[in-house]
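Below is one structure; the comments refer to it alone.
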Amino acid sequence: MNVVSPLIWARVLYRLGQFWRGLRATVTPEERQQVARVLPIAALPLFMEMPLDAQRHSLDVLERLWAAGRHHPDLAVAALLHDCGKVAAAQGGVQIGLWLRGPLVLAAALVPRMAHSWASPDPAHGWRYALYVQREHPAIGAAWAARAGCSPLSCWLIAQHQTPLPLVAGDDEARGLLAALQDADEGR
């Protein structure tokens, strides 16, 4: 029998809470102005193209970082854009909205090998492409952020934001910023 660890259940509960918060998501004009002050002008569309609930999540990540005293400018950019690569699914014709995102995240957490084998880089494969984008969005988002003029450190943070910290090579400052981003992304 396959037993699901308490850590997985904690992540499932966090994601369910994120789903409910996403249903009520709003972003104020003041918050949009704040985003415009943080991001390079060419990167602003990356944030604006994200669904409202993803924008809210990114702003919440930024707020958690600032509340913890983490005011590094590259970290702020990464907080706002860490999930922008998920927009690739919509560009491929598959919306990763609230109703699909939850099952994708749960599949990746509960049956990771199956989710990996189901994923397809071909947009014509619908939900299978959505699985692929869910898995690859850090690299996709980092490439888009680089093209939009974001710093190499911001792009590295975006690219690594889902990689377990022990597996990430980098200097102590970068790894410390990544740990802070990962904690804030997980709601800690």
task = Note the full-extension length gain between ARG175 and GLU136 as 0.36 nm times their separation in residues minus their Cα-Cα distance, in nm to one decimal.
result = 12.0 nm
request  = Would you calculate the separation in nanometres between label points at GLU31 and MET48, each defined as 7 Å from the Cα along the Cα-to-beta-carbon direction?
outcome  = 1.7 nm
request  = Step through the residues of the range 50-55 one at a time and calculate ³J(HN,Hα) from phi using the Karplus curve (6.51 cos²θ - 1.76 cosθ + 1.60, θ = phi - 60°), rounding each to whole Hz and writing x for Gly and Pro.
outcome  = 5, x, 4, 5, 6, 4
ask   = What is the dipole size for the chain, taken about its Cα centre, with +1 at each Lys and Arg Cβ and -1 at each Asp and Glu Cβ, in debye to the nearest 20?
value = 480 debye
inquiry  = Could you tell me the calculated FRET efficiency between ASP183 and SER151, based on Cβ-Cβ distance and R0 = 30 angstrom, to the nearest 0.05?
reply    = 0.90
request  = Starting from the Cα of TRP99, step 7 Å along the direction of its Cβ; do the same at HIS125; then give the gap between the two resulting points in nm.
outcome  = 2.4 nm
request  = List, largest first, the extents of the alpha carbons of the range 78-136 along their principal axes, each in whole Å.
outcome  = 30, 25, 19
query = Among 108-114, 151-157, what's the highest-first ranking by average C-beta atoms within 10 angstrom per residue?
reply = 151-157, 108-114
task = Provide TRP127, TRP144, TRP99 in ascending order of the number of other Cβ atoms located within 10 Å of each residue's Cβ, fewest first.
result = TRP99, TRP127, TRP144
query = Quick one: Cα centre-to-centre distance for the range 92-106 and the range 127-188, in angstrom?
reply = 19 Å
request  = Averaged over every viewing direction, what's the projected area of the C-alpha convex hull for the range 6-185? Give it in nm², one decimal, please.
outcome  = 10.1 nm²
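FYI, it's all coordinate maths here, none of it is from the lab. What you are looking at is a predicted structure, and each value in this text was computed from that prediction instead of being measured. Cβ: placed from backbone, ideal geometry, glycine included. Neighbour counts: every protein chain shown.
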